[in-house]
Amino acid sequence: MTGLDARRTQEFLDFAKAKMPDPVEQLVEASNKLPESVRDKFLESHLNDAFEASKKRGTLTDPGLADFQKTTEGVVKIFSLLLKPAHPNLTEDDVQELVMSVDDVQGQLEKAAAELVRESHNAPVSEEAAERSYFRKPRNGVKAK
């Protein structure tokens, strides 16, 4: 197995975003099960949190990401990404069989999840973001020569 580079980290985050339910949709579904007399108050008190969680979906700050990493789908995807560089011909079914045969899946998963977070901090930034972060902004609209 290898570590996760920025591209494979993003691939996992995209996969997780596609598989995980949208917090706003979950809230609306839950509210539809409530009596109308309490529905509006319920939505009012939880909608901002749902929108904030929805904004974080597909990022490393997503509060649901840790739980998703422990699902079968999450575990298989992480391991398939870790194995991909050295074993590009393995299918996700092959990886699932391997994962199920590992004695300490939870320990390996925790190491992989920690690696996912650690390596993701090495992700390159865009040229624009680098310029904004590392170069001074012009004063009073005058560009430096």
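Kindly provide the set of residues from segment 18-45 that are surrounded by 16 or more Cβ atoms within 10 Å (Cβ to Cβ) and not aliphatic (A, V, I, L, M), ordered by number.
PRO23, SER31
State yes or no: is ASP5 in contact with a helix residue (DSSP H, G or I) (Cβ under 7 Å, 6 or more places away or on another chain), open to solvent by less than 80 Å² (accessible area, probe 1.4 Å), within 27 Å of LEU82 (Cβ to Cβ) and modelled with pLDDT under 90?
When the stated conditions are applied, ASP5 passes them.
Among the numbered criteria (1) closer than 21 Å to THR2 by Cα; (2) modelled with pLDDT under 65, which one does GLY141 miss?
Exception for GLY141: condition (1).
Could you figure out which of (1) over 21 Å from ALA6 (Cβ atoms); (2) not in a helix (DSSP H, G or I) isn't true of HIS87?
(1)
Regarding ASP67, is this residue open to solvent by 90 Å² or more (accessible area, probe 1.4 Å) and over 23 Å from LYS111 (Cα atoms)?
Against the criterion (open to solvent by 90 Å² or more (accessible area, probe 1.4 Å) and over 23 Å from LYS111 (Cα atoms)), ASP67 does not qualify.
For the structure I just gave you, tell me whether GLY58 is among the small types (Gly, Ala, Ser), without any contact (Cβ under 8 Å) to a residue 60 or more places away in the chain and open to solvent by less than 70 Å² (accessible area, probe 1.4 Å).
Spelling it out, GLY58 is indeed among the small types (Gly, Ala, Ser), without any contact (Cβ under 8 Å) to a residue 60 or more places away in the chain and open to solvent by less than 70 Å² (accessible area, probe 1.4 Å).
Taking helices (runs of 4 or more DSSP H) that fall entirely within segment 1-79, which contain at least 3 residues that are of a type outside the set (Phe, Trp, Tyr) and in contact with a Pro (Cβ under 9 Å, 6 or more places away or on another chain)?
Fully inside segment 1-79 and qualifying: 36-56.
Which residue pairs have Cβ atoms under 7 Å apart, sit 6 or more places apart or on different chains, and have a first residue in segment 25-51 that is modelled with pLDDT of 90 or more and a second that is not small (Gly, Ala, Ser) and not in a helix (DSSP H, G or I)?
PHE42/LEU34
The values are calculated or read from the model by the stated rules, or taken from the named source; none is laboratory data. The structure presented is a predicted model; accordingly, all values stated were derived computationally and were not measured. For neighbour counting, all protein chains shown are included, and Cβ atoms are generated from backbone atoms with ideal geometry for every residue, glycine included. The area values use the complete protein model at the heavy-atom level, side chains included, leaving out ligands, DNA and RNA. Shrake-Rupley method; radii C 1.70, N 1.55, O 1.52, S 1.80 Å.
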